[in-house]
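Asker: Pasting in a structure now, in C-alpha cells, and then I'll have a few things to ask.
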Amino acid sequence: MLRPTFFLELDLDSRQAKPETLQELKRCYMHVSAPQMRTHELADATDADPLDHILRMDIEFYQRAYLYSKNEDADAHWAEEVAPWLKSMFYKIGNNMKVFNDRQREIRLPEVIFRWVEMNFAEEGDPTFTVRIHPDAQSVVENTLVEHVTQARDLLNNGTLASAVKVEIPASASFMEQRAKAWDAWVEENPDAPERLYQPLESRDIEDVAEDTRTREEILEADKEAKSYENTAVPPTDSATLPPINRAEAEEIDWDDFNFTVDYTLWGVTFADGTVKNFDTTTGAFV
C-alpha cells in the first residue's frame, strides 16, 4: 500500500505545555512519525477554560491524486490507500494516548487530552481541505471515524460542501454541549465525587490514590527502568518544578470512568469566504 508524505505536529495549549510533558509526548510518538512540538496561547483563557490541545497531520500524496474526484483514479486511491492508512493512524493515535496517559497517572502528572485531531489534505494546485475530529473524553479516536472523513470528502466532491475549507466533526459547540450533559449525568451517578468546576480529565489534577511514599524522581527512575527506554530516558527532574497534585476527596472514585458516546452527526463547516454553517448529516442539509 502506498503511504502518504506525512508530517505530525503536536500543538499544546501553553497552560499545560510543561517541558517534561512535551519531551515525553515527543518520545511517545517517535515510532509513528518524528513529531514537531508546538505550543500556543488562547487569548483571555483562564484555568477554568477547557484546554485546546491539537494533534495535527499534514497529509500529502503529490505523486497521486486522491482528494478531488475530478482527478483520474482519485476515488480509487482514496478507497484503496488513504482510507485504510487513516484507519491505521487513528488506531495508533488512540493507543499512544492511552499509553502516554497511563504513564502520566503513574508518575503523578496531568493527562493530556487532545481537543482535536486535525487532518490537512493537500494536493498540488488545489486548495487544502481540513477535517477536524473531536476524540472522545479520553482522547481515543475510533478508527470507524474514517467513515466520517470519507463522507466529508464525498460531500466536497458532489458539490454539497463546495468551496468548504474546513469541516469540524462534530461542531465544537455540539461537542461541548454533549460533554457538559454527560459530565452532569456522571456526577449525578457518582454523588460522592468532590464538587468542582466542569473540568473533566484534561484540566484536572491527577489523584494520588496509591499509598506510595517514593519521590517523583524515584518513580520516574523506576518507570524508565521498567520501560527500558535505553538512550531516550528522561533527565532527572526536580520535583519542586512539577505541578502540584491534589489528593482526591473521595479516593474510591475512579475518574477514568468518565466517558460518553459522541454524536458526530452535526458538523461545523467553514467556507473560503469565512462563512461558518452547521451541517446535519442525518438530513443532508445546513441548519
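Asker: Quick one: how many residues across region 142-154 are without any contact (Cβ under 8 Å) to a residue 24 or more places away in the chain and within 22 Å of residue 72 (Cβ to Cβ)?
Answerer: The number of residues fulfilling the criteria is 1.
Asker: Shifting gears a bit: Within region 37-62, restricting attention to residues that are more than 19 Å from the chain's Cα centre (by Cα) and in contact (Cβ under 8 Å) with a residue 24 or more places away in the chain, which residue is surrounded by the most Cβ atoms within 10 Å (Cβ to Cβ)?
Answerer: 61
For (1) in contact (Cβ under 8 Å) with a residue 60 or more places away in the chain; (2) part of a loop (DSSP other than H, G, I, E, B); (3) under 22 Å from residue 260 (Cα atoms); (4) in contact with a helix residue (DSSP H, G or I) (Cβ under 7 Å, 6 or more places away or on another chain), each residue gets a yes or a no:
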{"residue": "84", "(1), (2), (3), (4)": "yes, no, no, no"}
{"residue": "102", "(1), (2), (3), (4)": "no, no, yes, no"}
{"residue": "112", "(1), (2), (3), (4)": "yes, yes, yes, yes"}
{"residue": "116", "(1), (2), (3), (4)": "yes, no, yes, no"}
{"residue": "124", "(1), (2), (3), (4)": "yes, yes, no, no"}
{"residue": "127", "(1), (2), (3), (4)": "yes, yes, no, no"}
{"residue": "140", "(1), (2), (3), (4)": "no, yes, yes, yes"}
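Asker: Something else about it: Out of all the residues in region 51-82, which are of a type in the set (Ser, Thr, Tyr) and either under 17 Å from residue 119 (Cβ atoms) or part of a helix (DSSP H, G or I) (or both)?
Answerer: Correct list: 62, 66, 68.
Asker: OK, next. Identify all residues within region 110-140 that are surrounded by 22 or more Cβ atoms within 10 Å (Cβ to Cβ), of a type outside the set (Val, Ile, Thr) and within 19 Å of residue 28 (Cβ to Cβ); write none if there are none.
Answerer: Correct list: 111, 114, 135, 139.
Asker: On to the next question. Take residue 34 and tell me if it is surrounded by fewer than 19 Cβ atoms within 10 Å (Cβ to Cβ), of a type outside the set (Lys, Arg) and part of a loop (DSSP other than H, G, I, E, B).
Answerer: Yes.
Asker: In addition: Test residue 92 against the criterion of being under 30 Å from residue 161 (Cβ atoms), charged (D, E, K, R), touching a residue at least 24 places away in the same chain (Cβ under 8 Å) and in a helix (DSSP H, G or I), and give yes or no.
Answerer: In short, yes.
Asker: Restricting region 141-182 to residues that are crowded, with 19+ Cβ neighbours inside 10 Å and modelled with pLDDT under 90, which is nearest to residue 119 (Cα to Cα)?
Answerer: If we take residues in region 141-182 being crowded, with 19+ Cβ neighbours inside 10 Å and modelled with pLDDT under 90, then 141 is nearest to residue 119 (Cα to Cα).
The values are calculated or read from the model by the stated rules, or taken from the named source; none is laboratory data. As the structure is a prediction and not an experimental result, all values here were calculated from the model. Cβ: placed from backbone, ideal geometry, glycine included. Neighbour counts: every protein chain shown.
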